[in-house]
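The values are calculated or read from the model by the stated rules, or taken from the named source; none is laboratory data. Just so we're clear, the structure is a prediction, and the values are computed from it rather than from any experiment. For neighbour counting, all protein chains shown are included, and Cβ atoms are generated from backbone atoms with ideal geometry for every residue, glycine included. These accessible areas exclude ligands, DNA and RNA; they are computed on the full protein's heavy atoms, side chains included. Shrake-Rupley method; radii C 1.70, N 1.55, O 1.52, S 1.80 Å.
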Amino acid sequence: MNVIKYISILLFILTTSIASSQIKFEAKVSKTKLGVNERLRVDFQMNQDGDNFNPPDFSNFTVVGGPNQSVSNSWINGVRSYKKTYSYFLSPKRRGTFTISQASIVVGGETYKTTPVKIQVTAAVDIPKDPNDPNYLASENIHLVAEVSKTNPYLNEAISVVYKLYVSEKIAVDNWNEIDSPRYNDFWSQVIDTQGQKVQKGKYNGEDYRYLILRKAVLYPQKTGKLNIEPLSLNIALRVPTNRRDIFGSLMMTRVNKTVSAGNKSIQVKPLPENGKPLDFTGAVGDFKFDVKTSKKELDASESLQLKVAVTGNGNLKLFKLPKVALPSSLEVYEPEHKEAVSTKLSGMRGSISDRYTVVPQFKGKYPIPSISFSYFDLKTETYKRLSSDEIIINVLNGPLSNTTSNSDNVASNSNKQAVVLNSNQFAFIKTKTTFSPVEPNHFFKSNLFWTLLLLPFLLIPIAIIVRNKKASRDADVSGNRIRKADKLAKKYLSTAKKSLGKKEAFYIALEKALHNYLKAKLNIETKDLSKDKINNLLKARQVDDRVIQDFGAILQSSELARYTPFDIVTMQEDYNKAAKTIALIDKQAR
């Protein structure tokens, strides 16, 4: 019996020894789901001391604290308990689902690694306030506010969003950086340049504050119903006062990193009324004037004139189509050249858009250009209005007569026939004597011109064979043809941007417009569908590489940021080259 007891004790001690000798190295997080304005604690724990600790790459986070090292060593009932911890405090850079990769350490000559941990970062959340926490003081004295001009607009009515950072005079801001930008998925948006803004003084909740306007955006809602304006989030390094004082009696300051958010804003978008909506209404909303004019009203056949259809005023100028022109078949009309002279301010778009047609008459006559109508929704009266042009008569003075004109002339001449009266002098004009002189014969046969024309076809045969072989080789080069076609397409869409190199505002507006126009043509989508997620999904569905999709999104983001950040000519050229290359790659890869 005693032997069994001793064996049991020996087995227990052996089991305890083996269990205590197992090496554990694991990663523990304070939470797996957090808001973009919260902090995450990550602990890397081991039960035996090791060397060469190698932390993971926190590429999607900002390390705001750590590594902090702690060691715990205790004996309980004769059993040693050891724990060593490396702690990090992280701030997420943006929303999304991220993975904290493996950390490694060497224990006893062997390398041990932690298990990767997935972290979900959501939009900003409300954080409980603690009066004894410096973060509470920061949250009470710094505020990011989004001011929306109107919360109940019509579809395609302009509203503005102004982001202001209010800072109390009690604290000091060292620097800040943007960690999450609002994505206006259901809006046509335009960010207005806020460079050069100065700190101003104002009131916030009845108290004196300093404030700075960080961003202004003009939004045109493209959907009806309840729409959400996502928050802007900033990571701010600031100093707040503490309860301690220095030797001179002044309050001591402590540094705090604070994430602030403008908060979500919801608006209710009203649909345009159906009552009284014209059949030719194309979505124009605002206050407009309509004009149709020609460069000339009198000209000869085969000469050209310019017919301009223009809308000027204040409203969603880039978001509707101009009415088409219907002309008589005897007037040859070319595809119009579309021009936009639009500036976007906080009140919305203002300027003009126009279609310029080149018209070439073929025959003599008078041709009417019928009245053209344009309808829009007037926000002031909340009714639809129609503007119509006057009829314009084009008088073609000289040129051939059309079949219709000739037939009508013949009918008219036949109806006015008169009897012919003969007289004795009716042949008096015929001369009976001539003054003709002989002409020297010009022998074409066997002349230089004769031999040249005779041999020319034989000389052209080898040239035609060479050209045909080169064309066949070029046609067989499928990959090369696609590249050449893509390069030609890129040059077509980016021609306006290239002309504006050196002019930052004009260049990036033209670049952004070129990219949007290319996507609309390539993916067959409308302007209202030009959201980042929609574009990414469509390009992925067309089997475009993720790297190319990321480059395209980066160019669009660069075009938006460039309007309120300093850019030089070198950067513009790089963005232009990158845009041309990306368009070419998308056109090559898209199925």
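Here are the numbers for this structure:
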read-out	value
Candidate set from region 148-178 (those that are β-branched (Val, Ile, Thr) and open to solvent by 20 Å² or more (accessible area, probe 1.4 Å)); member that is nearest to residue 242 (Cα to Cα)	173
Count - residues of region 350-382 that are assigned to a strand (DSSP E or B), within 17 Å of residue 313 (Cα to Cα) and out of contact with any Pro (no Cβ under 7 Å at 6 or more places or on another chain)	8
Where a residue in region 497-526 is on the phi > 0 side of the Ramachandran plot and its partner, wherever it lies, is open to solvent by 40 Å² or more (accessible area, probe 1.4 Å) and part of a helix (DSSP H, G or I), with Cβ under 8 Å and at least six apart	502/569
Matching residues in region 41-64 - criterion: being at pLDDT below 85, among the charged types (D, E, K, R) and assigned to a loop (DSSP other than H, G, I, E, B)	49
Count of region 314-341 residues which are farther than 17 Å from residue 371 by Cβ, in a strand (DSSP E or B) and open to solvent by less than 20 Å² (accessible area, probe 1.4 Å)	1
Residue list for region 269-288, filter: closer than 14 Å to residue 386 by Cβ, open to solvent by 40 Å² or more (accessible area, probe 1.4 Å) and within 26 Å of the chain's Cα centre (by Cα)	282
Test for residue 215: is it of a type in the set (Lys, Arg) and open to solvent by less than 20 Å² (accessible area, probe 1.4 Å)	yes
Filter pass, residue 106 being farther than 24 Å from residue 181 by Cβ, more than 42 Å from the chain's Cα centre (by Cα) and not polar (S, T, N, Q)	yes
Residues being outside any loop (DSSP other than H, G, I, E, B) and under 30 Å from the mean Cα position of the chain (by Cα) - total across region 196-243	20
Count of residues meeting criterion [within 10 Å of residue 219 (Cα to Cα) and in a loop (DSSP other than H, G, I, E, B)] in region 179-193	2
Residues of region 46-61 satisfying the condition of being open to solvent by less than 40 Å² (accessible area, probe 1.4 Å) and within 12 Å of residue 90 (Cα to Cα)	58, 60, 61
Unmet requirement for residue 139, which otherwise passes all of (1) assigned to a strand (DSSP E or B); (2) open to solvent by less than 60 Å² (accessible area, probe 1.4 Å)	(1)
Subset of region 344-372 that is surrounded by fewer than 13 Cβ atoms within 10 Å (Cβ to Cβ) and among the small types (Gly, Ala, Ser) - its residue that is modelled with the highest pLDDT	371
Counted residues, region 373-404 - those being farther than 30 Å from residue 157 by Cα and loosely packed, with under 15 Cβ neighbours inside 10 Å	9
Conditions (1) in contact (Cβ under 8 Å) with a residue 60 or more places away in the chain; (2) under 23 Å from the mean Cα position of the chain (by Cα); (3) more than 17 Å from residue 124 (Cβ to Cβ): number failed by residue 187	(1)
Cβ-Cβ under 6 Å pairs, at least 6 apart or on other chains, region 294-306 side in contact (Cβ under 8 Å) with a residue 60 or more places away in the chain, far side hydroxyl-bearing (Ser, Thr, Tyr)	305/294; 305/295
